[in-house]
Each structure stands twice: as C-alpha cells, then as structure tokens.
Amino acid sequence: MKKTTLATVKSFIKKTNDLYISTRSTFDGMQDCVTSTGNKEFTKAERTEQFMENTFGIVGAWFVKGSRDYFVEYNDGKFAGFEVHNCCGKFIVAKPI
C-alpha cells in the first residue's frame, strides 16, 4: 500500500478542477481546542490566493506541515479524495466519483 503524503494531497488539489470540501472540525480559540462543526456535507471548494503556503488555495483547508498533518484516503461511494487532520481541525478534500 502506498503511503499518502503531503505531496500526494497537494498534487490531488492542484490537478482536480471539480474539488469539494467537507470541514468536520476546526480550532476554536474561545475553547482552546478543536471542536466539531456539526455540518458534514460536501460543498464546492472555493479557491483563494490567501495563505497559499497553508491552504494550497482552498478555503477551509489548513495544513500545518511537517509531521503534524495526518492523511487517510477517503471514499464514501460518492466522493473520493483525502481526509486530513491536524491540530487545527479535520477536513476532507474530494472529487465526485
């Protein structure tokens, strides 16, 4: 089995035109921890030029880099891509199957 790395996910984001995101949890500064967003639905990913080093151009994505990002391949029968979790939260970037 091939290991999923940051380069794998970055390449997937760059090559996929019809990209969707599902933000499962985010960092909440008021509680000083990661909390569930409650909404698990996929939405069309918005592209951005802000914070390119950490978002790779996707609103709602945040990569901390180094060995602190964890990646799992994702496939629910409708979407296929990657689940990413780190100290800032958990999200899935995927494309429709």
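No lab work stands behind these numbers, since they all come straight from the coordinates. Computed from a prediction, not measured in an experiment: that's the story for all the values here. No Cβ is skipped: glycine too gets one built from the backbone with ideal geometry, and neighbour counts run over all protein chains shown.
What 222 nm value per residue comes from the helices of the chain, counting each DSSP H run with n ≥ 4 as -39,500 (n - 2.57) and dividing by all residues, nearest 500 deg cm²/dmol? Display every interim value, and only then the final one.
Details: 2 runs with 14 residues, N = 97.
Per the formula, -3500 deg cm²/dmol.
Label zone (Thr37, point 7 Å along Cα-to-C-beta; backbone nitrogen cut-off 11 Å) within the range 54-74: 59-62.
Under a 5 Å amide H cut-off, with hydrogens placed 1.01 Å from N, Thr37 pairs with Ser25, Thr26 among residues at least 5 apart or on other chains.
Only Lys, Arg, Asp and Glu count, each charged at its Cβ (+1, +1, -1, -1), so figure out the dipole size of the chain about its Cα centre, rounded to 20 debye.
380 debye
Taking a straight line from the alpha carbon of Lys78, these lysines sit under 16 Å away, with near neighbours fewer than eight places off in the same chain left out: Lys40, Lys44, Lys95. Rounded, prolate or oblate for the chain? Axes are the square roots of the Cα gyration tensor eigenvalues, ordered a ≥ b ≥ c, and the cut-off for rounded is a/c under 1.5. In terms of gyration-tensor shape, rounded. Using a simple spin-label model with pseudo-atoms 7 Å out from Cα toward Cβ, Asn75 and Asn17 lie 2.4 nm apart.
Would you order Met30, Met52 from fewest to most other beta-carbon atoms within 10 Å of each residue's own beta-carbon?
With the fewest neighbours first, Met30, Met52 line up as Met30, Met52.
Normalised by the number of residues in the chain, the average gap of Cα pairs under 8 Å and 6 or more apart makes the relative contact order 30 percent. For the range 28-97, trypsin sites (Lys or Arg not before Pro) are listed when DSSP marks them as loop and at most 10 other Cβ atoms sit within 10 Å of their Cβ; the list is Lys40, Lys65, Lys78. Angle of helix 6-15 to the longest C-alpha principal axis of the chain, folded into 0 to 90 degrees and rounded to 10: 60°.
Ordering Phe91, Phe51 from the fewest to the most neighbouring beta carbons within 10 Å gives Phe51, Phe91. The longest part of the chain holding none of the exposed loop GluC sites (Glu not before Pro), meaning those outside H, G, I, E and B in DSSP with at most 15 other Cβ atoms within 10 Å, is 50-97.
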